[in-house]
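Single-structure report; data block below.
The values are calculated or read from the model by the stated rules, or taken from the named source; none is laboratory data. On a predicted model such as this, the values are computed, not experimentally measured, just so you know. Cβ coordinates were reconstructed from backbone atoms using ideal geometry, including for glycine residues, and neighbour counts include every protein chain displayed. Areas reflect the complete protein model, heavy atoms only, side chains present, ligands, DNA and RNA absent. Shrake-Rupley method; radii C 1.70, N 1.55, O 1.52, S 1.80 Å.
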Amino acid sequence: QVQLVESGGGLVQPGGSLRLSCEASGSIFSINAMGWYRQAPGKERELVTTVDAGGRTQYSDSVKGRFTISRDNAKNTVYLQMNSLQPEDTAVYYCNAWVDTRTVPRNYWGQGTQVTVSS
């Protein structure tokens, strides 16, 4: 069993910044990849960004140049630095991880954290 605990969401004005964090704990041998998804009301959940064990990253076009994903492998933690936030970034942000355990790789989700960008 693996648990992902997220923090850092909140209300911010347009142009502002937030930093999300997600710490994985439990039966972990290693984490292959971690990422962030988001879901706005009435819309599909979408991929925001991912980072693999070697530090290689991918970003959706909508956030590239504004968001930065990073990870601390020693702490099993991933971060999302969000700059130049806009109202269209408003969504519930979910942490996701592919985790190697003693059995087989499994995918886990965090509980989600609300990010609201508004004046």
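Taken one residue at a time, the phi angles of region 110-119 give Karplus couplings (6.51, -1.76, 1.60, θ = phi - 60°) of x, 7, x, 9, 7, 10, 10, 10, 7, 6 Hz. Gly and Pro are set to x. The distance between label points at Q1 and S27 comes to 1.0 nm (points 7 Å beyond Cα on the Cα→Cβ vector). Taking every alpha-carbon pair within the chain, the share separated by more than 26 Å comes to 17 percent. Between T77, G35, T116, the Cα set farthest toward the positive side of the dipole of the chain (charges on each charged residue's Cβ, about the Cα centre) is that of T77.
Less than 13 Å Cβ to Cβ from E23, Lys/Arg counted +1 and Asp/Glu -1: what total charge do the surrounding residues give?
Values: positive: R71, K75; negative: E6, D72.
Here the count lands on 0.
With a cut-off of 19 Å on the backbone N, the residues of region 36-54 near the modelled label site 7 Å out from S84 along Cα-Cβ are 48-50.
Rounded to whole numbers, the Karplus 3J(HN,Hα) couplings from phi for region 92-99 are 8, 9, 10, 7, 9, 8, 9, 10 Hz, using 6.51 cos²θ - 1.76 cosθ + 1.60 with θ = phi - 60°, and x at Gly and Pro.
Please identify every one of the chymotrypsin sites (Phe, Trp or Tyr not before Pro) in region 1-88 that sits in a loop by DSSP and has no more than 11 other beta carbons within 10 Å of its own beta carbon. Intermediate results must be reported in sequence, preceding the final value.
Numbers: sites: F29, W36, Y37, Y59, F67, Y79; in loops: F29.
For chymotrypsin sites (Phe, Trp or Tyr not before Pro) across region 1-88 that sit outside H, G, I, E and B with at most 11 neighbouring Cβ atoms in 10 Å, the list reads F29.
Just subtract the alpha-carbon distance of E44 and L11 from 0.36 nm times their residue separation and send over the number in nm, one decimal. Numbers along the way, then the final one.
Values: separation 33, 0.36 × 33 = 11.88 nm, distance 2.18 nm.
Full-extension gain reported as 9.7 nm.
Run the dipole for the chain about the Cα centre, Lys and Arg Cβ at +1, Asp and Glu Cβ at -1, nothing else charged, and hand back the magnitude in debye, nearest 20.
On the way: 11 positive and 10 negative charges, 29 e Å.
Rounded to the nearest 20 debye, it is 140 debye.
Can you give the accessible area per residue of region 19-101, in Å², using a 1.4 Å probe? Let's see the in-between values first.
Working: 4260 Å² over 83 residues.
I get 51 Å² per residue for region 19-101.
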